[in-house]
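> Pasting a structure here, questions to come.
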Amino acid sequence: MWRETLILTKRSLLVTLRNPFSFIPNLIISVFFLLVYTSGLSGISSLPQFGGVDYLNFILPVSIVSGAVGGAGGAGQALVKDIESGYFARLLLTPVSRTAIVLGPMLAGMLQLFVQTLLIFGMGFLLGLSIPAGISFFFLTIVLALGFGLAFAGYSVGVALKTRNAQAAQAGTLLFFPLIFLSTTFVPKELIEAEWLKIAATLNPTTYIMEGMRAVLLRETIDWSVYTQGVIVAAVLSIAMVVFAALNARGALKK
């Protein structure tokens with residue numbers, strides 16, 4: 001099964017590389033967020049609640065998470081194209097593992113996100129990003145990004161298999177964007193005045209992903225408890241969304 005998964009992952013990556021416009025706009029949007037937010041909102045980092053941290057370090061996780069939503073969502077779009085072109089039906093006639101059919105596009109989306117996250121970090125370093133705990137620790141944030149990316153790729157693939165419709169799959173991915181803004185996106189939770197928004201941020205899993213990244217990026221001493229919470233949330237989301245994709249794959253195979 002793993003050999004077949006690797007083959008299908010490679011095939012999905014090649015399809016993506018042959019159509020770079022499927023991921024370049026998302027990368028541009030993520031970098032745009034980073035530039036605009038850093039330029040326009042960096043002054044608020046002088047507030048006592050920020051504790052003297054650099055706003056670039058604070059806002060960088062927002063760019064990474066938004067990139068995860070857009071980048072990993074391409075896995076579902078690619079699967080819909082395979083269904084509409086008839087490739088998916090032909091693939092089912094082969095003895096290839098049904099699990100590999102689902103995992104291939106998901107892993108390809110996660111690897112695409114890995115490269116995209118490295119590029120976002122590269123832009124951050126060009127803008128003067130400095131990690132107080134040490135530059136090598138930025139890989140800890142990539143672990144969280146990949147976990148969230150795998151979860152969203154599973155969701156995207158599950159929606160694609162459920163609907164078998166490109167427009168519906170794309171609309172399904174848009175549901176995740178409000179989660180980014182119903183979180184501690186621009187300021188710490190202490191500065192959020194609306195009580196309902198505080199509650200939404202507390203219940204929002206995206207909050208724990210971004211706070212886990214900030215636990216690594218903001219100070220010399222890493223807050224391991226906050227980072228561990230982020231890892232747990234990413235792991236639970238990944239498992240839940242992989243199961244969601246697998247269940248919808250079973251339904252698609254019956255059809």
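The values are calculated or read from the model by the stated rules, or taken from the named source; none is laboratory data. Computed from a prediction, not measured in an experiment: that's the story for all the values here. Here the Cβ positions follow ideal geometry from the backbone for every residue, glycine too, while neighbour counts run over all protein chains shown. To get the accessible areas, we keep the full protein, side chains included, count just its heavy atoms, and leave off ligands, DNA and RNA. Shrake-Rupley method; radii C 1.70, N 1.55, O 1.52, S 1.80 Å.
> Pick from PHE33, PHE58, PHE50 the residue whose mean-square fluctuation is largest in a GNM of the chain, springs joining Cα atoms under 10 Å.
PHE50
> If you average over every viewing direction, what projected area does the convex hull of the Cα atoms of region 57-143 give, in nm²? Walk me through the intermediate numbers first.
Details: hull surface 27.1 nm².
Averaged projected hull area, Cα only: 6.8 nm².
> For GLY134, what is the net charge nearby, where nearby means another residue's Cβ is under 12 Å from its Cβ and Lys, Arg count +1, Asp, Glu -1?
Neighbour charge sum, excluding GLY134 itself: 0.
> Working from Cα positions, state the angle (0 to 90°, nearest 10) between the long axis of helix 205-217 and the longest principal axis of the chain.
50 degrees
> Given a 10 angstrom Cα cut-off, can you work out which residue in LEU126, LEU79, LEU150 is the most mobile in a GNM of the chain?
Most flexible of the set in this elastic network: LEU126.
> With a 1.4 Å probe and every protein chain kept in, tell me what percent of the accessible surface of the chain is carbon plus sulfur.
Values: 8510 of 12280 Å².
In the chain, the share of accessible area belonging to carbon and sulfur is 69 percent.
> Specify the angular offset, from 0 to 90 degrees and rounded to the nearest 10, of the alpha carbon long axis of helix 138-163 from the longest principal axis of the alpha carbons in the chain.
With both axes taken from Cα atoms, the answer is about 40 degrees.
> (1) 17.6; (2) 15.3; (3) 13.8: which one is mean projected area of the Cα convex hull in nm² as calculated from this entry?
Read-out from the structure maps to (3).
> First check a/c for region 116-242, with a ≥ b ≥ c the square roots of the eigenvalues of its C-alpha gyration tensor; if it is under 1.5, answer rounded, and if not, answer prolate when a/b is larger than b/c or oblate otherwise. Write out the running numbers ahead of the final one.
Values: a/c = 1.88, a/b = 1.42, b/c = 1.32.
Note, shape of region 116-242 comes out prolate.
> Can I ask one more? Can you give the accessible area per residue of the chain, in Å², using a 1.4 Å probe?
Numbers: 12280 Å² over 255 residues.
Per-residue accessible area for the chain comes out at 48 Å².
> Right, something else. Going by a ≥ b ≥ c, the root eigenvalues of the Cα gyration tensor, does region 109-149 fall in the rounded group (a/c under 1.5), the prolate group (a/b larger than b/c) or the oblate group?
Working: a/c = 3.25, a/b = 1.51, b/c = 2.16.
Oblate, because a/c is 1.5 or more while a/b does not exceed b/c.
> To the nearest 10 Å², what's TYR155's accessible area with a 1.4 Å probe?
30 Å²
> Let me ask another. Mind jotting down the distance between the C-alpha centroids of region 93-153 and region 1-67, whole Å?
10 Å
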